[in-house]
Amino acid sequence: MIAHIQGRLVEKTPTEVVIECNGVGYHINISLHTFSLIPNVENVKLFTFLQVKEDSHTLYGFVEKQERELFKLLISVSGIGANIARTMLSSLAPQQIIQAIASNDVATIQGIKGIGAKTAQRVILDLKDKVLKVYSLDEVSLISNNTNKEEALSALEVLGFIRKTAEKVIDKIVKEDPNATVENLIKQALKNL
């Protein structure tokens with residue numbers, strides 16, 4: 001198993017990178033989350049996962065170990081292949097996926113392209129115990145169970161805002177003021193949207 005690759009960044013696109021290490025260029029598939037975290041420096045290090053199939057050997061790379069471990073958990077679920085797992089990690093930050101699994105949030109997982117209701121439920125059913133064991137309760141905060149947040153998001157959706165965009169703004173506000181009322185959340189979100 002190749003645990004990590006460190007070398008010169010030769011190519012970088014939102015879905016893949018090429019890292020040259022001792023004269024060999026390694027083609028590595030990445031998620032948008034990893035793409036956003038790769039620094040603009042010549043020398044980089046990515047944690048990797050090598051998927052071996054009958055007809056191919058595919059290398060997946062991650063800036064954070066946490067994302068790699070979550071990727072491994074996701075592909076262990078029946079019906080989730082490496083490409084769907086990568087799409088999940090491109091659509092949501094690893095922390096958001098962990099939160100959704102820990103809090104039985106089927107809607108968030110189902111909102112990812114290529115994931116249906118049954119697959120979303122299977123992900124939660126298969127991974128909830130593992131996620132709660134692997135990640136501390138601090139990491140899996142109960143903010144996602146905040147009813148004020150949900151009500152504010154629903155109101156913003158009715159006003160015509162896209163849920164994902166509104167959710168990012170609301171999450172930021174909730175981090176600063178966990179006890180904010182629904183009205184305050186909506187008012188502050190409207191200022192930032």
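The values are calculated or read from the model by the stated rules, or taken from the named source; none is laboratory data. Because the structure is predicted, anything quoted here is derived from the model rather than measured. Note: ideal-geometry Cβ built from the backbone for every residue, glycine included; neighbour counts use all protein chains shown. Surface areas here come from the heavy atoms of the whole protein model, side chains and all, with no ligands, DNA or RNA. Shrake-Rupley method; radii C 1.70, N 1.55, O 1.52, S 1.80 Å.
Cross-link partners for K113 among the lysines, with Cα-Cα distance under 20 Å and sequence neighbours closer than 8 places in the same chain left out: K72, K164, K168. Per residue, the average separation of C-alpha pairs within less than 8 Å and at least 6 apart gives the chain a relative contact order of 13 percent.
For I173, the solvent-accessible surface computed with a 1.4 Å probe is close to 10 Å², ligands and nucleic acids excluded. Here the sum of -39500 (n - 2.57) over DSSP H runs of 4 or more residues, divided by the residues of the chain, equals -15000 deg cm²/dmol at 222 nm, to the nearest 500. Heavy-atom accessible area for E16, with the other protein chains in place and a 1.4 Å probe, reaches approximately 60 Å². The residues neighbouring L59, those whose beta-carbon lies less than 13 Å from its own, together hold a net charge of +2 under the Lys/Arg +1, Asp/Glu -1 convention. Of the whole protein surface, R8 contributes about 100 Å² of accessible area at a 1.4 Å probe radius.
Computed over protein heavy atoms with a 1.4 angstrom probe, the accessible surface ordering of E176, E42, largest first, is E176, E42. Taking other residues whose beta carbon is less than 15 angstrom from the beta carbon of Q188, and scoring Lys, Arg as +1 and Asp, Glu as -1, yields 0.
Here the calculated FRET efficiency for Q51 and L193, from their Cβ-Cβ distance with R0 = 41 Å, stands at 0.55, rounded to the nearest 0.05. For the stretch 3-126, the per residue solvent-accessible surface stands at 49 Å², with DNA, RNA and ligands left out and a 1.4 Å probe.
By accessible area, using a 1.4 Å probe on protein heavy atoms only, the stretch 34-129 has 49% of its surface on carbon and sulfur.
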